[in-house]
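> Here it is, the structure in full.
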Amino acid sequence: MKKYQFYGWEQADVPATSKTYEKIKNPKELYDILSEIWCADTCAPRMRERWSKENQTLGQCSITAFLAQDIFGGKVYGILRPGGNYHCYNVVGDCCFDLTSEQFGDEILDYRENPEQFREVHFQKEEKRQRYEYLKKELETYLGRASEQTKQLYKVLLSKGYPKELCVEIAYKNMNTDYTATRMLGYLYRVTNPRIEDLVDEMLAILSDREAIIQKKELEHAQAVINDMYKNGL
């Protein structure tokens, strides 16, 4: 199981309650997606000069917490910080999680008995509302691109003569954003045993330009692993 560093990740398994975001199966998956989206533009202006990819959750707390609330429901609470600002996090039922806690490093935050936070108050700051809207739009764009790739994958596999049931299963797995191309390729290779080079070409053909470099490395790694498996008679 993949390990995360944000607070509450071990129990962060609540499902999406909104059909708009039903492809996001839990807060951990949302964290993975937002890791592709958080940027200096979504960071609070007073912290923007200190934002970096290595400290990607800096200045992202309130807009992230309210976006998570859109997806999973529940309430947003705030930890009072020096200077009078509140650090926001989420509580859904018995599940408490803080997707942006990593910005505090080794500091231990107290998640007990904190006041509830409301977007009507936070978004009185126009710049914060705009950052939230930008983050939300980027998330929906990301999900839309993943959906289009899923459709393309299904069509490509079907056109290559794979059984319809297999095409549906693999395309469905592709909708899960943590189901990597490596595992998809390995699964397809095991159940159909075609030429690995053909599968690599097919998979690369449906990937977006932005993702192709990362996915190509995964595919090359998968090719080496699978070839080694069959070389050793596994």
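Only the coordinates and a few stated rules stand behind these numbers; no lab work does. Not measured: the values here are computed from a predicted model. Positions of Cβ are generated from backbone atoms using ideal geometry, with glycine treated the same way; all protein chains shown enter the neighbour counts.
> Quick one: length gained pulling THR20 to GLU116 fully straight, 0.36 nm per residue minus the C-alpha distance?
Here the segment from THR20 to GLU116 would lengthen by 32.1 nm.
> Projecting each Cα onto the charge dipole of the stretch 9-137 (Lys/Arg +1, Asp/Glu -1 at the beta carbon, about the Cα centre), which of ILE63, GLN124, LEU135 comes out farthest on the positive side?
GLN124
> Something else now. With +1 on the Cβ of every Lys and Arg and -1 on the Cβ of every Asp and Glu, and nothing else charged, how large is the dipole of the stretch 9-137 about its Cα centre, in debye rounded to the nearest 20?
Values: 18 positive and 22 negative charges, 106 e Å.
The dipole of the stretch 9-137 has a size of about 520 debye.
> Give me the net charge for the shell around VAL121: Cβ to Cβ below 12 angstrom, other residues only, Lys and Arg +1, Asp and Glu -1.
On the way: positive: ARG119, LYS125, LYS128, ARG129; negative: GLU116, GLU120.
Its environment carries a net charge of +2.
> Need one number for the stretch 1-132: average projected area of the convex hull over its C-alpha atoms, nm².
Details: hull surface 32.4 nm².
For the stretch 1-132, averaging the hull's shadow over all directions gives 8.1 nm².
> If I model a spin label at SER159 and LYS75 as a point 7 Å from the Cα along the Cα→Cβ vector, what separation in nanometres do I get?
Roughly 5.3 nm, to one decimal.
> Given Cα pairs under 8 Å that are at least 6 residues apart, what percent is the relative contact order of the stretch 9-137? Numbers along the way, then the final one.
Details: 184 pairs, mean separation 32.7, N = 129.
Dividing the mean separation by the residue count of the stretch 9-137 yields 25 percent.
> Can you pick out the pairs among LYS53/LYS128; LYS28/LYS53; LYS25/LYS53 whose Cα atoms lie more than 27 Å from each other?
Values: LYS53/LYS128 20 Å; LYS28/LYS53 18 Å; LYS25/LYS53 25 Å.
Those over the limit do not exist; all pairs fall within it.
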